[in-house]
Amino acid sequence: VEGHIGDFKVGIKSASGSETLEVGTIILAIGAEEYIPHKFYGYDDNEKVVTLADFERMSKKGELKDVKDVAFIQCVGARDQDKTYCSRICCNVAIKAAIHLADKVAAGGGGGEAEAPKAEEPEKTGGRKRRSRRRRDGAGAGSAPSSGGGRANITIFNRTINAYGVHHEINFNTAREKRIKFQKYDLDNLPKISAAGDKVKVEYFAETLGGWRDMTVDMVVLSTPLVNHPEAEGISKLLKIPRGAEGFFLEAHVKLRPVEFATEGVYLAGTCRAPADITEAVIQANAAASRASIPMAIGFVQGEALMSHVNQDICVGCGTCTTVCAFNAIQLNENNKAETITAACKGCGACASVCPQKAITMTHYSDDQLLSEVLACFEEVKE
Amino acid sequence: MSDDYQPKILGFLCNWCSYAGADLCGVSRFQYPPNIRVVRVMCSTRVDPVHVLKALKAGADGVFLGGCHIGDCHYLTGNYHTQHKIAMTKKLLEAAGIDPRRLRLEWVSASEGERFSKVVQKFTDEIMEMGPLNIKSDEKMIARLDAAIGAADGARLRSLVGNYHLVTEVQNAYGEKVDPNTMVAILEEAVDSEYHRELVLSRMLAEAKSVKQIAKEIDVPSDRVLKFVISLRKDNRVGDAGHEGMSPLYIALGTG
C-alpha cells in the first residue's frame, strides 16, 4: 500500500496474479479468528471436546444426530486464563446454540440439519482491502416453543453470563424456560473433563451445594474468545495503524471517532476492532462506509494545514533537512536552496528542528508559537 | 525542600501516539500527577533542543518528551531523530551542570493509556526526589544554561544531530557508514567545545576581557579559551577592544 487519502495504490497478490488498485479510501474488515484452546479441557486429545465454532459447523453438517446432552464451558482461554479480555459474543452464541439444540431434541431429531445460529466467522478471503463494505445477514434464529419429543440435558458452565442488550436477554430467558441449566464456576475450581466410554464426564464444583458433582454428557463445547487475525500485525505495519494490547486494531478515539484511524482515509469495521456480534458488525460497517463516503463525495483532499516553509534568504543549502525528511518533501532546488514540496509535506517538523540556520518555519507550530506555549506554562500568576 | 513542593514539569507529546495515549489515559480514568503541563507537537522530532533548554530556563523542573515507539512513528523515522537529539541535549545539560535525568524521553503508544499514567507518575516522583531546579535564583546556572542554549542554536550541533541517522544507518558523503561509537565520540567532543565556546562568548557580553581573565572566570585552560576566541572572531561574533597592559581585550559583537 502506498499513497495517502484520495490516492492509495493497493497492490494485491492472489493465486491468479497480482493487480494494483487505485482507491480513495480503505476499509479494514479482516475479521478475527477463534482462539484454539490447546491445553484446555483435553481439547487436543478428546474429539468429543470441541470449540463453539466446531460445534456449529458440525451442527450445520448434520453430524450431531445422536447428540443430546451437552456441556458448554464459557470463557475458555479468556478473562485471565490466557487472554485477558471478555470476548462478549460467546455467551450469546452459546445460548443460541443451546436453544437450537434443545429445540431439535424436543422435536425429536437430535441436534442437526437446518441452519444453526452462525457465529461471527473469521473471514478468510484474500481481498482484505476493499472499498465497499460487505453485508452479512443478521442471524435471526427464531426459536419455536418446545413441545413433545425428548429433552436435551444442556448445561452452560459460566463465570458470569454476558447477555447484554434486549434480544440477548430474551434469548437468555428463553434458554431458562427451556430448562437449560446455567452453572457457575470460578477460576479456583475449574470444571474437570475426562473421557467416559464414548461419552464425556464433567466434574464441577457446585458452590450452592458446597461440593463436587459430576455429570456425563455426549459432548463438551468450549466457548473461546475471538483473537486478532494473524495478518493484523502485518497490516498494521503496512498501513501504519495502531493495535491495542490485545492485538485488535485501535480506532482514532474510542468515543469520538470509533470507526476511523488517525491515518486519514483508513476505516475499520467488525471483529478486527474488537469482538462484536453480527448486528454490531453491520452497524460498524454502515458507520465506516458512511465515514469513508464523506471524503469520496467531496472529491478532493485539502492539503495539510501544517507544512514547512523555507526562508530561502537564510538557507545555505546544506541539505540537512533533506536527510531527515522521510517523505522526500523537502529538496534542494536549482539554486541550491531547500524547498518544500507542499503536496508531500506532512508537517512533522523534523526539518525545522534540525535546520542549522533555523531557516525553516512550521506553519502553526513555529518556534515562536511553541516557545510561547512553553513560557506560558511557567508564568507566575499574580494573585 | 518543603513538603508541599510541587515540581513543574513540561510535557511535549506527539500528536499521534503519546498525546492520544494521554487522551486514552483520561478517558479510561487512570490518574496521573497534575504537575505535567502538556504541549502538543505533531511529532516528537519537532521538539528542538532549544525548546527543552528554554523550558528549563523558564522554570521547568523537568521536561518530559513522549513519542511513538521506535518503528511506529507516524512520520516513519521521526522518533529516530528524536533519540539522537535528546541524547545530545542530555549531554549539553550535563555540560551545563544540570542533572540530565531532568529530561526524559519515553515511548508511549496511543493504546498505552495506563502506561502514560505510570511513566508520568514515575518521572514526577523522580523530579520530586531531585528537588526544584531553582534556576531563577541562580545566576551562574542561568549563564551556563544560556551557553547551552547558544550551543544548541549553533549550526554545528544541529547539523551533526540532523545527519546522525544518515551517517550511522545509511552512509556519509564518502559512501561509508560511520560507527555509532565514533559518532558518539564526535558528538561528545562537539557538545563540549560548542558549549565552552558559548560560555567564553557570554563572558564578553558586558565588558571587554582578556583571554586570561576569561580562563580564570570559567576555569578553562587559557590556550583553549584562546582557540575559542579566535574561532569566535573568525565568525565575527567577537571584536578587538583595545588592550590592557600586554593582553589584548575582546568584546562580543551584536548577535550574528
Open item on the list: With the requirement that a residue be out of contact with any Ser or Thr (no Cβ under 6 Å at 6 or more places or on another chain), within 12 Å of chain A (Cβ to nearest Cβ) and either of a type in the set (Gly, Ala, Ser) or buried (at least 20 other Cβ atoms within 10 Å of the Cβ) (or both), what does the stretch B:81-114 give you?
Closed with: B:His84, B:Lys85, B:Ile86, B:Met88, B:Thr89, B:Ser109, B:Ala110, B:Ser111, B:Glu112
- [ ] Under 7 Å between Cβ atoms, at least 6 apart or on separate chains: pull out the pairs that start in the stretch A:358-383 with a residue that is facing chain B (nearest Cβ under 8 Å) and end on any residue that is of a type in the set (Val, Ile, Thr).
- [x] A:Tyr365/B:Val41; A:Leu370/B:Val39; A:Glu373/B:Val39; A:Val374/B:Val39
Open item on the list: Where the second residue is surrounded by 19 or more Cβ atoms within 10 Å (Cβ to Cβ) and of a type in the set (Ser, Thr, Tyr) and the first is under 19 Å from A:Arg243 (Cα atoms) and lies in the stretch A:263-291, which pairs have Cβ atoms under 7 Å and are six or more apart or on separate chains?
Closed with: A:Gly265/A:Thr25; A:Tyr267/A:Thr25; A:Pro275/A:Ser87; A:Ala281/A:Thr271; A:Ala288/A:Tyr267
Task: Tabulated pairs, the stretch A:321-343, first more than 14 Å from chain B (Cβ to nearest Cβ) and of a type outside the set (D, E, K, R), second assigned to a helix (DSSP H, G or I) and surrounded by 15 or more Cβ atoms within 10 Å (Cβ to Cβ), C-beta under 8 angstrom, 6+ apart or interchain - done: A:Gln331/A:Thr322; A:Leu332/A:Thr322
Open item on the list: Can you pull out every residue in the stretch B:54-81 that is modelled with pLDDT of 95 or more and within 14 Å of A:Ser353 (Cα to Cα)?
Closed with: none
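Any idea which of A:Ala141, A:Ala116 is over 30 Å from A:Lys9 (Cα atoms), at pLDDT below 50 and touching a Pro at 6+ places or on another chain (Cβ under 7 Å)?
Values: A:Ala116 fails: touching a Pro at 6+ places or on another chain (Cβ under 7 Å).
Step by step, each of A:Ala141, A:Ala116 is checked, and only A:Ala141 is over 30 Å from A:Lys9 (Cα atoms), at pLDDT below 50 and touching a Pro at 6+ places or on another chain (Cβ under 7 Å).
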TODO: Taking the options A:Asp66, A:Asp44, name whichever one is farther than 21 Å from A:Ala97 by Cα, out of contact with any helix residue (DSSP H, G or I) (no Cβ under 8 Å at 6 or more places or on another chain) and outside any strand (DSSP E or B).
DONE: A:Asp44
Task: Number of positions in the stretch A:307-334 that are buried (at least 18 other Cβ atoms within 10 Å of the Cβ), touching a Lys or Arg at 6+ places or on another chain (Cβ under 8 Å) and not in a strand (DSSP E or B) - done: 3
TODO: Specify the residue that is surrounded by the fewest Cβ atoms within 10 Å (Cβ to Cβ); the eligible residues are those in the stretch A:239-298 that are within 12 Å of another protein chain (Cβ to nearest Cβ) and among the basic types (Lys, Arg).
DONE: A:Lys255
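Counting just the residues of the stretch A:169-208 that are acidic (Asp, Glu) and assigned to a strand (DSSP E or B), which one comes out surrounded by the most Cβ atoms within 10 Å (Cβ to Cβ)?
Start the filter on the stretch A:169-208 by keeping residues that are acidic (Asp, Glu), which leaves A:169, A:177, A:186, A:188, A:198, A:203, A:207.
From the residues that got through so far, the ones that are assigned to a strand (DSSP E or B) too are A:186, A:203.
Numbers: A:Asp186: 10, A:Glu203: 14.
The extreme case among them is A:Glu203.
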Task: Among residues of the stretch B:88-120, those that are part of a helix (DSSP H, G or I), in contact with a helix residue (DSSP H, G or I) (Cβ under 8 Å, 6 or more places away or on another chain) and not β-branched (Val, Ile, Thr), counted - done: 15
Task: Unmet requirement for A:Lys68, which otherwise passes all of (1) over 25 Å from the mean Cα position of the chain (by Cα); (2) surrounded by fewer than 19 Cβ atoms within 10 Å (Cβ to Cβ); (3) of a type in the set (D, E, K, R) - done: (2)
- [ ] Could you list, in sequence order, all residues of the stretch A:358-367 that are among the hydroxyl-bearing types (Ser, Thr, Tyr) and either part of a loop (DSSP other than H, G, I, E, B) or at pLDDT below 90 (or both)?
- [x] A:Thr363, A:Tyr365, A:Ser366
Task: Tally of residues being closer than 24 Å to B:Arg156 by Cβ and β-branched (Val, Ile, Thr) across the stretch A:332-355 - done: 1
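Scanning the stretch B:121-135 for residues that are part of a helix (DSSP H, G or I) and in contact with a helix residue (DSSP H, G or I) (Cβ under 8 Å, 6 or more places away or on another chain), which turns out modelled with the lowest pLDDT? Don't jump to the end; show me each part of the working.
If we filter the stretch B:121-135 for residues that are part of a helix (DSSP H, G or I), which is where we start, we get B:121-130, B:135.
From what is left, the residues that are in contact with a helix residue (DSSP H, G or I) (Cβ under 8 Å, 6 or more places away or on another chain) are B:126-127, B:130, B:135.
On the way: B:Glu126: 94, B:Ile127: 94, B:Met130: 91, B:Ile135: 85.
Per the stated criteria, the residue is B:Ile135.
Condition check ((1) of a type in the set (Ser, Thr, Tyr); (2) within 26 Å of A:Ala329 (Cα to Cα); (3) surrounded by fewer than 24 Cβ atoms within 10 Å (Cβ to Cβ)) across all residues:
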position	(1), (2), (3)
B:Met42	no, yes, yes
B:Thr45	yes, yes, no
B:Val50	no, yes, yes
B:Leu53	no, no, no
B:Lys57	no, no, yes
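For the stretch A:344-357, what are the residues that are more than 8 Å from chain B (Cβ to nearest Cβ) and assigned to a loop (DSSP other than H, G, I, E, B)?
A:Ala344, A:Cys345 - these are the residues of the stretch A:344-357 that are more than 8 Å from chain B (Cβ to nearest Cβ) and assigned to a loop (DSSP other than H, G, I, E, B).
The rows are residues; the columns are (1) within 19 Å of B:Ala22 (Cα to Cα); (2) of a type in the set (Lys, Arg); (3) free of Cβ contacts under 8 Å to residues at least 24 places away in the same chain.
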residue: B:Ala60; (1), (2), (3): no, no, no
residue: B:Val63; (1), (2), (3): yes, no, no
residue: B:Cys68; (1), (2), (3): yes, no, no
residue: B:Asp72; (1), (2), (3): yes, no, no
residue: B:Leu76; (1), (2), (3): no, no, yes
residue: B:Tyr80; (1), (2), (3): no, no, no
residue: B:Pro100; (1), (2), (3): no, no, yes
residue: B:Trp107; (1), (2), (3): yes, no, no
residue: B:Ser111; (1), (2), (3): yes, no, no
- [ ] Could you tell me which residue of the stretch B:26-40 is surrounded by the most Cβ atoms within 10 Å (Cβ to Cβ), considering only residues that are within 12 Å of chain A (Cβ to nearest Cβ) and either assigned to a loop (DSSP other than H, G, I, E, B) or hydrophobic (A, V, I, L, M, F, W, C) (or both)?
- [x] B:Ile36
TODO: Would you check if there is a residue in the stretch B:118-133 being within 14 Å of chain A (Cβ to nearest Cβ), among the aromatic types (Phe, Trp, Tyr) and buried (at least 21 other Cβ atoms within 10 Å of the Cβ)?
DONE: no
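The values are calculated or read from the model by the stated rules, or taken from the named source; none is laboratory data. Every value quoted in this text rests on a predicted model; they were computed, and no experiment measured them. Neighbour counts run over all protein chains shown; Cβ positions are idealised from the backbone, glycine included.
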